[in-house]
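Here is the structure we will look at, set down as structure tokens.
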Amino acid sequence: MMRLSVIGAGAWGTALAVLARRAGCDVALWARRPALAADLKAALENIAYLPGIPLDPAIRIEADFTAALDADAVVYAQPAQHFRDFCAGAAPRWRMGAALLIAAKGIELKSGALLNEIAAEAMPGVSIAILSGPSFAAEAAAGLPTAVELAGTDSSLVDLLMTGLAHGAFRPYGVDDPIGVEVAG
């Protein structure tokens, strides 16, 4: 069972946590605001960002950033403009061998850099993959057919992440063009 942490408890992060748990992963979902983490634990639902989708009680809700990084793969699902700060905070706490799956869309406005470029600079040696595609968090979490691309240059990592996330109607398809997937996202 892959241990997967999702950084960001918005709609997409919550949906990815739900989908990964359905696929059999041991999942943690990190919420930046402790009050949101408390609400998620109490309601077992993300009423603010993904109402109507129950959270499996086995999903660990984390408010502790360091604890959330203790995983085989960490999924970044926050806004792209916060990604550089995430990398700076995560790099000194990163668990050796953990992969980074970027599930945010966008280009850093002030530098024009792609997120995988920022990660490679800020977190050298970390295996990186990109998840993107035409999807809506509520539809994916509700079990409606959703196809996304999971891209990386390490095919074994892409295969591992595809297996860790695929379940039911949620289908990540592996490709070897992370830049193309990130730009087209």
**Asked** Regarding Ala104, is this residue under 24 Å from Asp85 (Cα atoms) and hydrophobic (A, V, I, L, M, F, W, C)?
**Response** yes
**Message:** Quick check on my filter: what residues within the range 160-176 are open to solvent by less than 80 Å² (accessible area, probe 1.4 Å) and charged (D, E, K, R)?
**Reply:** none
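Restricting attention to the range 63-72, which residues are open to solvent by 40 Å² or more (accessible area, probe 1.4 Å) and of a type outside the set (Ser, Thr, Tyr)? Even if it seems obvious, please write down each step before you answer.
Of the residues in the range 63-72, the ones open to solvent by 40 Å² or more (accessible area, probe 1.4 Å) are 63-67, 70, 72.
Answer for the range 63-72, where residues must be open to solvent by 40 Å² or more (accessible area, probe 1.4 Å) and of a type outside the set (Ser, Thr, Tyr): Ala63, Asp64, Phe65, Ala67, Asp70, Asp72.
Among the candidates Ala103, Ala151, single out the residue that is surrounded by 18 or more Cβ atoms within 10 Å (Cβ to Cβ), touching a helix residue (DSSP H, G or I) at 6+ places or on another chain (Cβ under 7 Å) and either farther than 24 Å from Phe65 by Cβ or β-branched (Val, Ile, Thr) (or both). So that I can check it myself, show each step before the final result.
Working: Ala103 fails: either farther than 24 Å from Phe65 by Cβ or β-branched (Val, Ile, Thr) (or both).
Only one candidate qualifies: Ala151.
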**Prompt:** Got a sec? Which of Ile118, Ile130 is over 13 Å from Leu19 (Cα atoms), part of a strand (DSSP E or B) and touching a residue at least 12 places away in the same chain (Cβ under 8 Å)?
**Reply:** Ile130
**Asked** Looking at (1) farther than 20 Å from Ala98 by Cβ; (2) open to solvent by less than 50 Å² (accessible area, probe 1.4 Å), which is the one condition that is false for Tyr49?
**Response** (2)
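So that you can scan it fast, the table gives a plain yes or no per residue for (1) of a type in the set (A, V, I, L, M); (2) closer than 15 Å to Gly8 by Cα; (3) in a helix (DSSP H, G or I); (4) open to solvent by 10 Å² or more (accessible area, probe 1.4 Å):
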site: Val74; (1), (2), (3), (4): yes, yes, no, no
site: Cys87; (1), (2), (3), (4): no, yes, yes, no
site: Pro134; (1), (2), (3), (4): no, no, no, yes
site: Ala140; (1), (2), (3), (4): yes, no, yes, no
**Prompt:** Restricting attention to the range 53-70, does a residue exist that is on the phi > 0 side of the Ramachandran plot and either at pLDDT 95 or above or under 16 Å from the mean Cα position of the chain (by Cα) (or both)?
**Reply:** no
**Message:** Please pick out the residue among Arg33, Arg95, Arg21, Arg60 that is out of contact with any His (no Cβ under 6 Å at 6 or more places or on another chain), under 21 Å from Ala147 (Cα atoms) and basic (Lys, Arg).
**Reply:** Arg21
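The values are calculated or read from the model by the stated rules, or taken from the named source; none is laboratory data. Owing to the predicted nature of the structure, the values given are computational and were not obtained by experimental measurement. FYI the Cβ positions are ideal-geometry reconstructions off the backbone, even for glycines, and counts take in every protein chain you see. When the accessible area is computed, the model is the full protein with side chains, heavy atoms only, and any ligands, DNA or RNA have been set aside. Shrake-Rupley method; radii C 1.70, N 1.55, O 1.52, S 1.80 Å.
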